[in-house]
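The values are calculated or read from the model by the stated rules, or taken from the named source; none is laboratory data. This is a predicted model, so every value here is computed, not measured. Cβ coordinates were reconstructed from backbone atoms using ideal geometry, including for glycine residues, and neighbour counts include every protein chain displayed.
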Amino acid sequence: KSGLMLGRRGLVMGVANNHSIAWGIAKALAAHGAQMAFTYQGEALGKRVKPLAESIGSDLVLPCDVEDLASVDGVFQRLGEAWGGIDFLVHAIAFSDKNELKGRYADTTRENFARTMTISCFSFTEVAKRAAALMTHGGAMVTLTYGGSTRVMPNYNVMGVAKAALEASVRYLAADFGPQGVRVNAISAGPVRTLAGAGITDARLMFNYQQRHAPLRRTVSIEEVGGAALYLLSDLSTGVTGDIHFVDSGYNIISMPHPAALKT
Ligand code: NAD
């Protein structure tokens, strides 16, 4: 155990099960000494999150649905009472109606556009504000994004638009909180097989395509995303804020697949 996160306390939002990206991050932080609180969305997921949290010595596991502001406030009130302050925040939350994660972006409805934006983008701003208020000695935050924000990925649709807004939020929040020593960054992860990932039509094809054509010729694990989060949330990255850091086997640098890979 190294001491990178020893004595640091933080909140992890977005663990649904042991395949969640947030869980990969929590494991990496725990291995380096961090103490964590977790939120879960609904009691069905709570049954999965509680034993995971316990396995890394956490007993602060709180319900939170970001569509319900009272539950968000409840979490930060509890954190304030329990710990007085926090050092880091992990936001790994996204949602869109899966009927709109297929077909054309142009067909997105007003209702689902607003709901996708609220849950997948605005929730970060809302929790970042509350978390920053508890980061009285400085701190760091990380959210999760995807390259469908800047380049068109079939079926990603409204979620790509929400991720673009989320990435812009990262920059604005970094500017807001920088003066108080709070850093804000995002990890842009390659496709990972999770509950949320499975909501995208033809997710398996995207996964296989990246595996075949990314420079590293493979996808990434939640543990690899965890390693990048450890960097962004620890003192290894004290000079870094407002950044979108790719953990995608290099897929984002590719213009077209290598002809050799297309022929096989
Ligand atoms: P996941 O299903 O394990 O996690 C998504 C989480 O969002 C769940 O814990 C769910 O409970 C939570 N959530 C959804 N709506 C919520 C609400 N209203 N209130 C509170 N929580 C809510 O899937 P994941 O892939 O680990 O997703 C985590 C993050 O990573 C998301 O932002 C996702 O867009 C992003 N991401 C995923 C991939 C991928 O391929 N899986 C790639 C890049 C980025």
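General observations
- Filter pass, LEU262 being in a helix (DSSP H, G or I), of a type in the set (A, V, I, L, M) and closer than 18 Å to ALA22 by Cβ: no
- Given (1) assigned to a helix (DSSP H, G or I); (2) closer than 21 Å to SER255 by Cβ, index of the condition MET153 fails: (1)
- PHE113 being aromatic (Phe, Trp, Tyr), out of contact with any Gly (no Cβ under 8 Å at 6 or more places or on another chain) and farther than 24 Å from LEU232 by Cβ: yes
- One residue alone among ILE244, ILE222, ILE253 is modelled with pLDDT of 95 or more, within 21 Å of ARG171 (Cα to Cα) and among the β-branched types (Val, Ile, Thr), and that residue is ILE244.
- Selection status of PHE38, buried (at least 22 other Cβ atoms within 10 Å of the Cβ), under 30 Å from THR238 (Cβ atoms) and of a type in the set (Phe, Trp, Tyr): yes
- Failed criterion for VAL12 (all others in (1) part of a loop (DSSP other than H, G, I, E, B); (2) touching a residue at least 12 places away in the same chain (Cβ under 8 Å) hold): (1)
- Enumeration of residues in the range 172-227 that are within 8 Å of the ligand (Cβ to nearest atom) and of a type in the set (Ser, Thr, Tyr): SER188, THR194
- Residue that is surrounded by the most Cβ atoms within 10 Å (Cβ to Cβ), among those in the range 224-264 that are polar (S, T, N, Q) and more than 20 Å from the chain's Cα centre (by Cα): THR264
- Qualifying residue in the range 15-23 (condition: more than 11 Å from the ligand (Cβ to nearest atom) and not β-branched (Val, Ile, Thr)): no
- Pairs, first without any contact (Cβ under 8 Å) to a residue 12 or more places away in the chain and closer than 14 Å to THR201 by Cα in the range 90-107, second in a helix (DSSP H, G or I) and away from the ligand (no atom under 14 Å from the Cβ), C-beta under 8 Å, six or more apart: none
- Matching residues in the range 175-211 - criterion: being modelled with pLDDT under 95, more than 20 Å from the chain's Cα centre (by Cα) and in a loop (DSSP other than H, G, I, E, B): THR201, ASP202
- Which listed residue, of ASP243, ASP248, ASP202, is of a type in the set (D, E, K, R), in contact (Cβ under 8 Å) with a residue 12 or more places away in the chain and more than 30 Å from ALA132 (Cα to Cα): ASP202
- Filter result for ALA162 (surrounded by fewer than 22 Cβ atoms within 10 Å (Cβ to Cβ) and in a helix (DSSP H, G or I)): no
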